[in-house]
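What follows is a set of notes on a single structure, which appears directly below.
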Amino acid sequence: MVDFGLIDEWNPAPGRVVSWEATPAARAAAAAAPAHSAPPSHQQEHYLRQAYRNAGTEYRVSGLCLVTAEVPAVLDRAAMTRAVNEFLGRHDTFRSWFALEPDGTLRRHLIEAGKVEFAPVDHGPLTDSAAIRELAQDRTPSPAQWDCFTFWAVEHGESTTVFMAIDHLHTDGVGQHISSFELACLYAKHAWDQTPPILPPASYTEYCARERAASARLSLASPEVGAWLRLLRGNDGELPSFPLDLGLRGDDPHRSAHRTVRLFDEDAAARFEKICRDNGGEFAGGVFAAAALAERELADSDYYFGITPLNTRSTFEEMASIGWYVALVPVAFPIGIRASFERTVARAQRAYENGMRLKNTAVHRVLELAPADSGIAVGPHWSNPMISYVDARDFAGSEFFDIARSGLYGNRAASEEALIWINRLPHETSISVIYPDNPIAHASVRRYLDTLGGIIRSAAAERE
């Protein structure tokens, strides 16, 4: 299985702690790196502007992603050093940093290839899990700095905890899986002379340039822009929101809370998938059918409007590339007042597939194009809820999830909405939620998960 949660909930065993961090020469090369014409992706720009807006907050507002694994062996530090540096050299996102110019432009700076170098730093033995967690977060800079990513090992004698801490600026959910598998392969190459089964990755910088060039060609006359605007106008000019009160009062950012619940084992997941297919959908369509029925029950809704993130990697090389390859797309459809799950699945599946057609139309660009008199009320600092369905069974290295006791953790960053992940793993499916940390939100999320989980489990129940 894979553990999901907040960094505060991760409890590594004590041991001697080593980090791999940028060398002084690499930091000097970053400081001298020239501006590059490729802008950040739409996702990156929105994220960076939010981070700069809340820079004075007493805690890290931006997202820090930890990927952890347990290795039943003594670590070869020299091999790890070579693996970390080869990993960083393969992915050009790690050569980029962004400056906020006086005119408000976010300008990419790109470090010369071969100039990124990380070296081990020995922190000595630490006997407390909290101290390890705090050290990793303290020594991983914010996205306002270039080197907002670090690599770590906790040596326990005959075993080692290995983890990486990467700011969300440079990664996404798929990227975290790619990173852990690739770093393991590169370590095996340098420690044991094994040939790594990994492809040369695509350039994320080039992807950003293509995304922005495609966005620049959009106009109010573009059908995809019109589709987004119609959905927003139908929702009183706003993006969707979580159907229950999250206790947000005032403009101050709230820190994150987390809740994960197990849905069912793989046998039940297969039954759920079959009932979806028997009724004209797939697993993803079933997820959104259940979400719609949950909103009908909890908020008396007769129309579902949600957002889901999609992986935008489209080539084998991009499937080997680290970066924030994500598009936000709508899933919207009417909910029958008495419609069952079986009757709702096909409608939800069609809505999901319609949303996929908007994968290349960034909502960020749509909001830029919306005229002042368009009825669109979304402000510049918008946030949105999401439901993300991830089938990780075919991810490279998924057969080692249980052996490595893998974990994906995030920091207690700012939270203004409920972000929901439904993760299908080789042996079980779970739901994880990140949401604002306050008593009202805790109660609302618990109620929502009880309802959503109940609908999904009921659909998966064995039928006589």
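What the table shows:
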read-out: Alpha-carbon centroid distance for the pair the stretch 34-76 / the stretch 200-271, whole angstrom; value: 18 Å
read-out: 274, 189 arranged by Cβ crowding within 10 Å, fewest neighbours leading; value: 274, 189
read-out: [x] 39, 33, 21; [y] 49, 23, 18; [z] 36, 28, 21, with the label sought being that of the calculated semi-axes √(5λ) of the Cα gyration tensor in Å; value: [z]
read-out: Burial ordering of 340, 180, fewest other beta-carbon atoms within 10 Å first; value: 340, 180
read-out: Per-residue HN-Hα couplings for the stretch 258-269 [Karplus 6.51, -1.76, 1.60; θ = phi - 60°; Hz; x = Gly/Pro]; value: 9, 8, 10, 10, 7, 8, 5, 7, 5, 4, 5, 4
read-out: FRET efficiency, residue 340 to residue 303 (Cβ-Cβ, R0 25 Å, nearest 0.05); value: 0.90
read-out: Interchain or long-range residues, amide H under 5 Å from residue 257's placed H; value: 435, 437
read-out: Under 5 Å, built H, 5+ apart or other chain: amide partners of residue 326; value: 312
read-out: Around residue 124: net Lys/Arg minus Asp/Glu count, Cβ-Cβ under 12 Å; value: -1
read-out: Calculated from backbone phi, Karplus (6.51, -1.76, 1.60) coupling profile of the stretch 294-310 in Hz, x at Gly/Pro; value: 5, 5, 4, 6, 8, 10, 6, 7, 10, 8, 9, 9, x, 10, 10, x, 10
read-out: Between the stretch 103-146 and the stretch 412-464, the alpha-carbon center distance in angstrom; value: 32 Å
read-out: Under the Karplus curve 6.51 cos²θ - 1.76 cosθ + 1.60, θ = phi - 60°, whole-Hz ³J(HN,Hα) for the stretch 144-159, x wherever Gly or Pro sits; value: 6, 10, 4, 8, 8, 7, 9, 10, 9, 9, 10, 8, 10, x, 8, 9
read-out: Highest to lowest packing among 416-423, 361-368, scored as the average C-beta count within 10 Å; value: 416-423, 361-368
read-out: Anchor residue 359: aspartates and glutamates whose Cα lies under 14 Å away (excluding residues fewer than 8 positions away in-chain); value: 211, 224
read-out: Ranking of 302, 193 by count of other Cβ atoms within 10 Å, fewest first; value: 193, 302
read-out: Reachable lysines, given that their alpha-carbon falls under 25 Å from the alpha-carbon of residue 189 and they are not under 8 places away in the same chain; value: 115
read-out: Shape category assigned to the stretch 310-379 from the gyration tensor of Cα positions, a/c cut at 1.5; value: oblate
read-out: Charge context of residue 225, other residues only, Cβ under 15 angstrom, K/R +1, D/E -1; value: +4
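Rule-based calculations on the coordinates, nothing more; no lab input. The structure displayed is predicted, hence computed values, not measured ones. Using ideal geometry, Cβ is built from the backbone for each residue, glycine included, and neighbour counts are taken over all protein chains shown.
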